[in-house]
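Before any comments, here is the structure.
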Amino acid sequence: MDVHDLTAAYALHALDERERAAYEAHLAHCERCREELAQLTESAAALAWAVESPPPPPALRARILAGNVVPLRARHRPWRAVAAVAACAAVGLGIWSATLSHSLGRERAHSSALAIAADPASRKIDLRGHAGMLAVSPHGDAVLVVSKLPAAPHGMTYEAWVIPAGGAPQRAGTFDGGGRMTMVELGRAVPKGATVAATMERDGGVDAPTSRPLLSAQT
Amino acid sequence: MSDVTRELAHLSDEALVALAARAQETALAELYDRYGRPAYGLALRVLRDESLAEDAVQEAFMTIWNTAQRFVPEKGKASTWILTLVHRRAVDVVRREQRRRTEALDTAAEPGGDAADEEAWLRLQRERVQDALRQLPDQQREALELAYYGGFTQSELAERLGQPIGTIKSRMFNGLARLRELLGDTTMERNWTSTT
């Protein structure tokens, strides 16, 4: 197989996975193919315009852009919770996705949580117990991203915990769930080797978990 | 198209991507207002399922949001990058879902009552590219259409058309190269400020 002549097929996304990987490896050190690919990709993308395009449902724009902010329920220490109505089709290592309302500056917590979650330098750990991930910045700031977490029943709340290796669970904030995606910036740093978990507790939160974790992540 | 003021309407696509890379949500909104519709049309053409098409567009825009920092304007236009992401996502899904078909999609263009301007511009682009496609030799056009809209791999095309794979590769290459000549370098440029 001459890898050079896969350029057009690559531009059209007409390679199978094996061929695609081979071509991408080749591309890294073939200047000629990179140039040719840029041109052919431009032509291929033009094909997108040839189709009839009915307007997408308005809800799609909202799904991509809209977010809502769960009211803060700070108690003993500052912490922030954010629920973003956003896509989380593949919440998993490296492929998580979120965005938020286009109304800028509404809630700084929003951007802060997103910044941690979107930062390539943050470690992304898949959750156990529920679809989602934990993102931990190099400084230990952490964001829980949970897909389709049901809203906590009346009088109850979810509570996040940071459990240092060999230590007792420490409170890290409460949140309500609901919506397509729940994003919670934890109220305390996550040290190396710690476990992050969430339990269902009575409204307002408690000082120590009273039930088994519904979800957890081992850092 | 949009219910908010398009305050970024004067910016180039590339400038919007740069803003999106700095986590400016309004930039993503503006990019969606520019390319959401062709993106959806493309995804629908490949996937032939409204719900799957919506998901593909959404995932592509999430990728745009998350990888905008890595976009290099010198390597190509932002519109190409966006539509390429949408197409790749749609093709990945169509292969996974085993939904590929080759019959024509019978979606008549639904006139969007709120944006006659948008409608006219889209129609202009559509006619332009369709016209270029018609000028291609039949075999090249067939290869491009089956690959791009059908989501078939080159090996599947070779089998389907009963041709050696080398022939398929040549048809795709020559078709794209010819398309490029026919469309010229200045295709798809648009002064966005005129659309608000």
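Quick note: the coordinates plus some simple rules give every number you see, no bench work behind them. Being a predicted model, the structure only gives us computed values, none of them experimental. All Cβ positions, even for glycine, are placed from backbone atoms using ideal geometry, and neighbour counts span all protein chains on display.
Label-to-label distance for A:Ala22 and B:Glu181 is 3.0 nm, based on points extended 7 Å past Cα in the beta-carbon direction. Restriction of the trypsin sites (Lys or Arg not before Pro) in region A:163-219 to DSSP coil positions whose beta-carbon has at most 14 other beta-carbons within 10 angstrom yields A:Lys192. For the pair region A:184-219 and region B:5-38, the centres of their Cα atoms are 37 angstrom apart.
Counting other Cβ atoms within 10 Å as a rough exposure proxy, the listed residues A:Phe175, B:Phe71, B:Phe61 run B:Phe71, A:Phe175, B:Phe61 from fewest neighbours to most. Gain on full extension, evaluated as 0.36 nm per residue between B:Asp49 and B:Ser155 minus their Cα-Cα distance, stands at 35.7 nm.
Measuring r between the beta carbons of B:Arg88 and A:His139 and using R0 = 35 Å, the FRET efficiency lands at 0.55.
Give me the dipole magnitude in Debye, nearest 20, for region B:1-86 about the Cα centre, with unit charges on the beta carbon: positive for Lys and Arg, negative for Asp and Glu.
Working: 9 positive and 13 negative charges, 68 e Å.
For this selection, approximately 320 debye.
Which residues does the label zone of A:Arg128 cover in region A:155-181, counting backbone N under 20 Å from a point 7 Å along Cα→Cβ? Output list for this probe position: A:159-172.
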